[in-house]
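> Take this structure, written in structure tokens, and hold onto it; I'll ask about it next.
The values are calculated or read from the model by the stated rules, or taken from the named source; none is laboratory data. As the structure is a prediction and not an experimental result, all values here were calculated from the model. Please note: Cβ atoms are built from the backbone with ideal geometry, for glycine as well, and neighbour counts cover all protein chains shown. Side chains included, ligands, DNA and RNA excluded: accessible areas come from the protein's heavy atoms. Shrake-Rupley method; radii C 1.70, N 1.55, O 1.52, S 1.80 Å.
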Amino acid sequence: MLVLAALSAACGPSGPATPESRGRGVYAAYDCKRCHRVGYDGGDTGPDLTFVGFRKSAEFLDAWLRDPAAWQPNTLMPNFRLGDGPRADLAAYLATLKGEAYRAGPGAPWDSFGFKGNALKRGAAVYARAGCVTCHGAGGKGGYRNNNAIGGLVPAVEKAAQGFSREELVKRISDGVAHPVKADPAGAEPMLRMPAWKEVLSPDEIEAVADYVLSLAPPSKEDW
Ligand code: HEC
Ligand code: HEC
């Protein structure tokens, strides 16, 4: 009886506590949803986290949560000074977020009525909500740091139209780049890597975001 009572206290009504379930509790306790959304729940000051566990590696999540400003100076994201245990649990919870909140529920925001038949508007929403913006910046202008990447930054994509055909762009977004080129070949692998988006986005969504990226290209000098 004693053993049973102790077990049920540790487990709660929904099964044994896992790092992921504890991490969900940390997310709620620190009110992350004040600034972030998962699915249709939360605010818009910070990026949509619905796909965060797909786009960001576990090691990046840990480094970011440890000290956001050490990675990105002037960020609005506070340093919550989490202990090692809660930080690991929170990262484990975030790592589970790979788009299900849109797929399982009412559908992705870019499938709502106002986006029908407007590929660029759809693509802009995929860029924002799937989180291209968290690495390539608003309007594809770049500016996000990446350790040991050439130039120390994730590349801007606003001029992709000058370097890629539409077909090449769709392929790059679909397949990703598993191993970005290192600035120092002997150094660590850059923590931000271009994901293979075909794992979580449909061909139609990838084409929409590719068309959005192509639409960003400012006219080149030769066009004047
Ligand atoms: C005051 C608003 C605010 C709060 C509260 C906040 N964040 Fe953030 N967060 C941001 C902003 C803004 C960014 C984007 C980074 C930038 O551009 O500075 C960000 C970025 C992130 C990122 C990395 C970028 C990505 O891919 O999405 C993660 C992960 C994250 N936040 C998780 C959390 C978690 C977990 C909490 C709660 C412990 C939290 N945030 C609380 C504002 C906030
Ligand atoms: C976790 C960060 C991250 C996210 C999120 C991300 N990318 Fe990337 N992306 C990169 C990195 C790093 C590279 C450079 C890869 C290399 O070394 O060639 C890259 C390269 C690219 C390139 C080629 C740029 C060039 O000049 O070679 C395009 C286009 C691109 N990304 C589009 C997107 C789109 C569209 C999305 C969203 C669907 C996206 N990326 C999401 C990190 C990211």
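> Could you grab me the full set of residues in the stretch 42-63 that are of a type in the set (A, V, I, L, M, F, W, C) and not in a helix (DSSP H, G or I)?
Those that are of a type in the set (A, V, I, L, M, F, W, C) and not in a helix (DSSP H, G or I): Leu49, Phe51.
> I need the full set of residues from the stretch 121-145 which are crowded, with 17+ Cβ neighbours inside 10 Å, in a helix (DSSP H, G or I) and without any contact (Cβ under 8 Å) to a residue 24 or more places away in the chain, in order please.
Matches in the stretch 121-145: Ala125, His136.
Every residue, every condition in (1) of a type in the set (Lys, Arg); (2) away from ligand 2 (no atom under 16 Å from the Cβ); (3) out of contact with any Pro (no Cβ under 8 Å at 6 or more places or on another chain); (4) in contact (Cβ under 8 Å) with a residue 24 or more places away in the chain, yes or no:
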site: Pro16; (1), (2), (3), (4): no, yes, yes, no
site: Glu20; (1), (2), (3), (4): no, yes, yes, yes
site: Asp31; (1), (2), (3), (4): no, yes, yes, no
site: Gly53; (1), (2), (3), (4): no, no, yes, yes
site: Asp62; (1), (2), (3), (4): no, no, yes, yes
site: Pro68; (1), (2), (3), (4): no, no, no, no
site: Phe80; (1), (2), (3), (4): no, yes, yes, yes
site: Gly83; (1), (2), (3), (4): no, yes, yes, no
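> With modelled with pLDDT of 95 or more and closer than 20 Å to Pro190 by Cβ as the only criterion, which of Gly123, Gly137 stands out?
Gly137
> Now for a different question. Is it true that some residue in the stretch 201-208 is under 30 Å from Lys116 (Cα atoms), open to solvent by 20 Å² or more (accessible area, probe 1.4 Å) and not in a helix (DSSP H, G or I)?
Yes - at least one qualifying residue is present in the stretch 201-208.
> State yes or no: is Lys198 within 17 Å of the chain's Cα centre (by Cα), surrounded by 12 or more Cβ atoms within 10 Å (Cβ to Cβ), farther than 30 Å from Leu76 by Cα and modelled with pLDDT of 95 or more?
Yes.
> Follow-up question, since we're still on this one. Only one of Gly46, Gly42 is within 19 Å of the chain's Cα centre (by Cα), near ligand 1 (Cβ under 7 Å from one of its atoms) and small (Gly, Ala, Ser). Can you tell me which?
Among Gly46, Gly42, only Gly46 is within 19 Å of the chain's Cα centre (by Cα), near ligand 1 (Cβ under 7 Å from one of its atoms) and small (Gly, Ala, Ser).
> Now for a separate question. Quick one: what pairs do we get from the stretch 171-192, first residue away from ligand 1 (no atom under 16 Å from the Cβ), second aliphatic (A, V, I, L, M) and open to solvent by 60 Å² or more (accessible area, probe 1.4 Å), C-beta under 9 Å, 6+ apart or different chains?
Taking only residues 6 or more apart or on different chains, the pairs are Pro180/Ile150; Val181/Ile150; Lys182/Ile150; Lys182/Ala188; Ala183/Ile150.
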